[in-house]
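> Once you've had a glance at the structure underneath, I'll fire off some questions.
The values are calculated or read from the model by the stated rules, or taken from the named source; none is laboratory data. Given the structure is predicted, the values throughout are model-derived calculations rather than measurements. Cβ placement follows ideal geometry from the backbone for every residue including glycine, while neighbour counts extend to all protein chains displayed. Remember, those area values only see protein heavy atoms, side chains included, never the ligands or the DNA or RNA. Shrake-Rupley method; radii C 1.70, N 1.55, O 1.52, S 1.80 Å.
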Amino acid sequence: MPKPNFRKKVKDENNGISTYSDKKISVGDIRKTQLITTYGVGAIVDFKNDTVVIASTDDWDYSPNDAGEVENRKIFNENLSVITGAEYFLMPRTTQSTNSFSQSKDIPSYIFPEKLHCSNCGNIYDFRELDIKERHKCPKCKSTLNASRFVVVCPHGHMDDFPYDWWVHNGKPCPSGVKSPRIKMTNINNRTDIDSLRLECTECGASRSMVQVFSENALSDFQCTCKHPHFKDPLAKASYGCHDKMRVRLRSGSGVYFPLTKSALLIPPWSKKVVNAIQKDYEILSALDESKLASVMRNKLNDPELSDDEIIRSWNAVKISMEQKRERTELSVYEDEYAILSKGDNDNEGNFSSYPSAIPQKYQEYFNRLTVVDRLTVTLAFTGFTRIIRNESNIVPISQYPKKWLPAVELTGEGIFIEFNKDKVAHWRKAHSSRYKKMKSAMESNNFVFNAFSETYVMLHTFAHLFIREISNICGYSTASIKEKIYSEIDEKNDNVKMCGVLIYVSSPDSDSSLGGLISIADDKDVFENILDSMLEHASWCSGDPLCISSTKQGYKNLNYAACHDCTLLPETSCERFNCFLDRASIVGLPDNPTLGFFIFYHITYVS
């Protein structure tokens, strides 16, 4: 378990440049997967005594004591390299301990917010004013200091402390002439709401309420500071002259941090151990004569039964991949995964194993294939983050200097792949395509880039959410531990459905995700049928109805129709698309139009 630490920022009075002391203080523990998701680079994390921002990945590939330690953390996933453009991936640094946890003090973090508030006397301090050993105590009354509740962020990802001095003086200098006056924040009559908060300058006596601080134009005259506090030099990657308005947010509130991740399955041939070994040492092996390659790989893998033909085939696959990597796209990766999952054969290739299962007779008209993935490996990479808006065009870099790699973790688990009946989906799509024009328009007007959007994607995505909510009650897994992957592609030229399936899986860095819960569901036709029946029954009613089922403006940027927390939404760790593009009516229909639902549509149109 990586343990973030912070380095105290100190002022160099000789040249005015911010430098960093060598003193490191351990502030808490974070799991490796959290460093790739919830608490990745740029995230504000509240620990027991300190609040910090996780620092950049600039020194993740540097180990002062053991160069081999970095090599051991490398991950290779060909398909994820195509999606992200990274040559390889790097796990967070950990130090193995004697107990069941891995701990390290090598994940840097910086104190943020840098403003600390005393709830007793109300004084606000910059942490640089404090002695490192007394950083939790108010110099005046010795009460505990807490991190400021307020930060300012802009759509380009810049973040800084709330400008208390600027706010209380309405953007003007303090009349007292003091450059950095002491500001005090108090609650009127000891209330805790924002309306009662008031700032006061102890130097000039100026006072101002915080009541309007969250309004859209509260800081319209405050120039963006262009800071990225997760960098060692906060202005190193600044967009100088940023003209976006900064917004005030609670430090743990919505909009401060949206992590962006990409994932890909490790599928044949890349799931083979020999292929993975060749990828790791490709540059070294490419210098060898091909006649010696087989013996070298057998010794390296300690596998005397590995045949020459298998080694040469694996070598050629990696070689071709290296030469043609730039020609592939993210869509081609999804097509490759879809082809493997929908093949319907027994497949056992290293870190990947799958076999077909029987579809209940009641649902054979809806689904073409049911595949059990009893051994699954997923590489999850952290590509960056955004603030205020979830637009990848405003992605914030996670390192100050270009890297060939991205931070990632490798997860193992199990899954169920369901391939829908393409003909029936095509009929449903043609009948109801006009319904989702408003959703597409909302996506385009908000510059939400999503090339895979279609009516089919909405239906598949909604099905995945409803299915996950239902099986979480059966398998014993929490909803947050179950994930989805949607395979949807429409050939617009020929109006054909090319991909139409969902993968529901569980994964984790250890063996806890291979308990067989999902496998047992897919292996038992009666259980699988009961889950689908129950899913459709629960989806037909929501405590928010009739408002929910009739809505066409819900969720982030109005990118959902009939979908709310009571019926459809999942924890964001489970959803691949930020809980967007969902419509419960696409599955069960509307009260006055039941055929809008895919399952009801087929039943009425083709059976009645």
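> Part of a helix (DSSP H, G or I), open to solvent by less than 20 Å² (accessible area, probe 1.4 Å) and of a type in the set (D, E, K, R): does that describe Glu470?
Answer is yes for this residue.
> Shifting gears a bit: Going through the range 137-148 one residue at a time, which ones are open to solvent by less than 30 Å² (accessible area, probe 1.4 Å) and either in contact with a His (Cβ under 6 Å, 6 or more places away or on another chain) or basic (Lys, Arg) (or both)?
Those that are open to solvent by less than 30 Å² (accessible area, probe 1.4 Å) and either in contact with a His (Cβ under 6 Å, 6 or more places away or on another chain) or basic (Lys, Arg) (or both): Leu145, Ser148.
> From the list Ala431, Ala464, exactly one residue is out of contact with any Lys or Arg (no Cβ under 8 Å at 6 or more places or on another chain), within 30 Å of Asn530 (Cβ to Cβ), in a helix (DSSP H, G or I) and at pLDDT 95 or above. Which is it?
Of the residues listed, the single one that is out of contact with any Lys or Arg (no Cβ under 8 Å at 6 or more places or on another chain), within 30 Å of Asn530 (Cβ to Cβ), in a helix (DSSP H, G or I) and at pLDDT 95 or above is Ala464.
> Could I ask something else about it? Could you tell me how many of the residues in the range 473-491 are over 21 Å from the mean Cα position of the chain (by Cα) and on the phi < 0 side of the Ramachandran plot?
6
> Further question: Name the residues in the range 480-494 that are part of a strand (DSSP E or B) and basic (Lys, Arg), would you?
Lys483, Lys485
> Now, a different point. Mind listing whichever residues of the range 46-71 are at pLDDT 85 or above, out of contact with any Lys or Arg (no Cβ under 9 Å at 6 or more places or on another chain) and surrounded by fewer than 21 Cβ atoms within 10 Å (Cβ to Cβ)?
Phe47, Lys48
> Have a look at Glu414, Glu392, Glu365 and point out the one that is under 25 Å from the mean Cα position of the chain (by Cα), of a type in the set (Asp, Glu) and surrounded by fewer than 21 Cβ atoms within 10 Å (Cβ to Cβ).
Glu392
> Are any residues in the range 433-490 charged (D, E, K, R) and in contact (Cβ under 8 Å) with a residue 12 or more places away in the chain, and if so, which ones?
Correct list: Arg435, Lys438, Lys440, Glu455, Arg469, Glu470, Lys483, Glu484, Lys485, Glu489.
> Here's a follow-up. Filtering the range 430-458 down to residues that are surrounded by fewer than 20 Cβ atoms within 10 Å (Cβ to Cβ) and of a type in the set (D, E, K, R), which residue is farthest from Ala563 (Cα to Cα)?
Lys430
> Any idea which of (1) open to solvent by 60 Å² or more (accessible area, probe 1.4 Å); (2) basic (Lys, Arg); (3) not in a loop (DSSP other than H, G, I, E, B) is the one Lys232 doesn't satisfy?
For Lys232, the failing item is (3).
> Give the residues of the range 121-136 that are part of a loop (DSSP other than H, G, I, E, B) and loosely packed, with under 13 Cβ neighbours inside 10 Å, sorted by residue number.
Within the range 121-136, Asp131 is the sole residue that qualifies.
> Identify, from the list Ser353, Ser332, Ser357, the residue that is at negative phi and buried (at least 19 other Cβ atoms within 10 Å of the Cβ).
Ser357
> Looking at the range 554-575 only, could you name the residues that are of a type in the set (D, E, K, R) and in contact with a helix residue (DSSP H, G or I) (Cβ under 8 Å, 6 or more places away or on another chain)?
Across the range 554-575, the qualifying residues are Lys557, Asp566.
> Just to verify a result, which residue in the range 151-177, among those that are in contact with a Pro (Cβ under 8 Å, 6 or more places away or on another chain) and touching a residue at least 40 places away in the same chain (Cβ under 8 Å), is farthest from His230 (Cα to Cα)?
Phe162
> Next question, about the same structure. Which condition number in (1) in contact with a helix residue (DSSP H, G or I) (Cβ under 8 Å, 6 or more places away or on another chain); (2) closer than 20 Å to Ala218 by Cα is the one that Ser180 fails?
Checking Ser180 against (1) in contact with a helix residue (DSSP H, G or I) (Cβ under 8 Å, 6 or more places away or on another chain); (2) closer than 20 Å to Ala218 by Cα, the one that fails is (2).
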